[in-house]
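Presented below is the structure to which this report refers.
What follows is calculated from the coordinates using simple rules that are stated; it is not laboratory data. From a predicted model like this one, the values you see are computed outputs, not experimental measurements. Here the Cβ is made from the backbone with ideal geometry for all residues, glycine too, and neighbour counts use every protein chain on show.
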Amino acid sequence: MTESHSKSRKQAEIAFGNAQSQFLARSRAVEEIDSTVRAREEKTLRLREAREAKELQDRLTGVTAPSAKRKKKI
């Protein structure tokens, strides 16, 4: 089924195809950036929670266990 289209329609379809390609490429780039940002935020949250848990544990062990005496330098 060969359809004959006018020259201007062929040019318009080519231009539309190019615009669609650019739009899809831009969309993929934005999605990739969004996923990178989301992964970074999730990792930051995990690290913050781990740090806060460690700080809490350190405070609790510091309160319950007597600290070791430091040797004085002579």
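First select every other residue whose beta carbon is under 14 angstrom from the beta carbon of SER35; then total the charges, Lys and Arg +1, Asp and Glu -1. That works out to -1. Spacing of the modelled spin labels on GLN57 and SER21, each 7 Å from Cα toward Cβ, amounts to 5.5 nm.
Taking a Cβ cut-off of under 15 Å around THR44, the surrounding Lys, Arg, Asp and Glu residues balance to a net charge of +2, with basic ones at +1 and acidic ones at -1. Converting phi to 3J(HN,Hα) with the Karplus coefficients 6.51, -1.76 and 1.60 and the offset θ = phi - 60°, region 22-32 yields 5, 4, 5, 5, 5, 4, 5, 5, 5, 4, 5 Hz in sequence order, with x at every glycine or proline.
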